[in-house]
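The values are calculated or read from the model by the stated rules, or taken from the named source; none is laboratory data. All values reported here derive from a predicted model rather than from experimental measurement. Cβ atoms come from the backbone with ideal geometry, glycine included; neighbour counts cover every protein chain shown. Just the protein is used for accessible areas: all its heavy atoms, side chains included, with ligands, DNA and RNA removed. Shrake-Rupley method; radii C 1.70, N 1.55, O 1.52, S 1.80 Å.
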Amino acid sequence: MSQPWPWPHTRAHGVMLRLALRDRDMREVIGQLVRPAVAAPGSAAGKYPDGNTARTRAGLTTPMPIPYDLAALLREAGVTPQP
């Protein structure tokens with residue numbers, strides 16, 4: 001949901017990193033270490049995979065379907081999600 005906005009997008013990855021550390025999920029920790037570095041520039045440039053859950057298992061550039069209710073919220077915020 002936060003992908004279109006650089007600061008919220010980066011902050012979300014910071015929260016995910018803290019959760020991975022709390023859960024001692026080292027694969028997720030490693031993946032989340034990379035994501036904050038690319039989140040803000042990607043959002044600012046409009047280059048992010050729509051719908052991506054941001055988990056390491058999802059892949060850094062893998063687009064995913066956006067549920068209808070969340071897509072409606074994005075449209076209300078002025079963002080046009082890709083189908």
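Under 8 Å by Cβ, and 6 or more places apart or on different chains, what pairs join a residue from the stretch 1-12 that is over 12 Å from PRO49 (Cα atoms) and without any contact (Cβ under 8 Å) to a residue 24 or more places away in the chain with one that is among the hydroxyl-bearing types (Ser, Thr, Tyr) and open to solvent by less than 60 Å² (accessible area, probe 1.4 Å)?
Correct list of pairs: PRO8/SER2; ARG11/SER2.
Going by what's in this entry, would ALA39 be described as touching a residue at least 40 places away in the same chain (Cβ under 8 Å), among the aliphatic types (A, V, I, L, M) and open to solvent by less than 60 Å² (accessible area, probe 1.4 Å)? Give the steps one after another, and end with the answer.
Values: touching a residue at least 40 places away in the same chain (Cβ under 8 Å): no; among the aliphatic types (A, V, I, L, M): yes; open to solvent by less than 60 Å² (accessible area, probe 1.4 Å): yes.
No.
Is it true that some residue in the stretch 51-73 is touching a Ser or Thr at 6+ places or on another chain (Cβ under 7 Å), open to solvent by less than 60 Å² (accessible area, probe 1.4 Å), modelled with pLDDT under 90 and not aliphatic (A, V, I, L, M)?
Yes: the stretch 51-73 contains one or more residues that are touching a Ser or Thr at 6+ places or on another chain (Cβ under 7 Å), open to solvent by less than 60 Å² (accessible area, probe 1.4 Å), modelled with pLDDT under 90 and not aliphatic (A, V, I, L, M).
Do we find a residue being basic (Lys, Arg) and surrounded by fewer than 17 Cβ atoms within 10 Å (Cβ to Cβ) anywhere in the stretch 1-16? I'd like the intermediate steps shown before the answer.
The first filter runs over the stretch 1-16 and keeps only residues basic (Lys, Arg), leaving 11.
Applying the additional criterion that residues be surrounded by fewer than 17 Cβ atoms within 10 Å (Cβ to Cβ) yields 11.
Checked against the condition, which is being basic (Lys, Arg) and surrounded by fewer than 17 Cβ atoms within 10 Å (Cβ to Cβ), the stretch 1-16 yields at least one hit.
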